[in-house]
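The structure under discussion appears below in the form of structure tokens.
The values are calculated or read from the model by the stated rules, or taken from the named source; none is laboratory data. Source: prediction; values computed, not measured. With ligands, DNA and RNA removed, areas are computed over all heavy atoms of the protein, side chains included. Shrake-Rupley method; radii C 1.70, N 1.55, O 1.52, S 1.80 Å.
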Amino acid sequence: NRSGPSPYNRLYDFETPGTPLTNNRRVRHTVTSVTGHLMASEFAEPHNKWHACAPRDLLREDVSQVEFRVADDKLPLKQQLEQEARQNDWLVLWLDCDREGEAIAYEVVDVCRKKKASLDLYRAVFSSVDKQSIQQAWRSLQRPDKRKADAVAAR
């Protein structure tokens, strides 16, 4: 149990027995959390202020004019994820198993892959938080689904 740059997202280190994905070798883990979306989105200038344009003008804007950036209050968490990404080979995402969780997963992926492009990505799929479900999710890791994340971004 240790602290990182984000005071709200502690880090936990432990080892587990291997799985077929790890050739049955023991695996060292670092686990942390995220607190909702990392990214904030805004329309580009001059449409990013409440009184800068009529609301109907925002509906006519090309979606490519929307800027995505890490939210200011999430910068310490971004720094923490970057530090951990540099030191690890895998990123296993244990987020809600819905489209919103997938969108948050890809926000984490984008931050981490900028620091280590070779990071191998997996997604744990589970529907409850009990020992059997967690162990089953660990034994059957999947790849994240970009289509689900894109569906959230499209709205």
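Data for the structure
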quantity	calculated
Other-chain or far-sequence residues with amide H under 5 Å of F43's (modelled H)	E67
Carbon/sulfur fraction of accessible area - the chain, other protein chains in place, 1.4 Å, %	51
Of all DSSP beta bridges in segment 1-137, antiparallel share, percent nearest 5	75
Greater than 18 Å apart at Cα, pairs in K115/K148; K78/K114; K78/K116; K78/K115	K115/K148
Separation of alpha-carbon centers, segment 17-55 and segment 82-98, rounded to whole Å	10
Amide H contacts of R123 (H built 1.01 Å from N, under 5 Å, at least 5 apart or other chain)	L93, Q142, R143
Percent RCO, i.e. relative contact order, over the chain, from Cα pairs under 8 Å lying at least 6 residues apart	18
Anisotropy class of segment 72-117 from Cα gyration tensor, a/c 1.5 cut	oblate
Accessible area expressed per residue, the chain, with surrounding protein chains retained (probe 1.4 Å, Å²)	66
Kirkwood hydrodynamic radius of segment 12-155, Cα pairs, Å	17.1
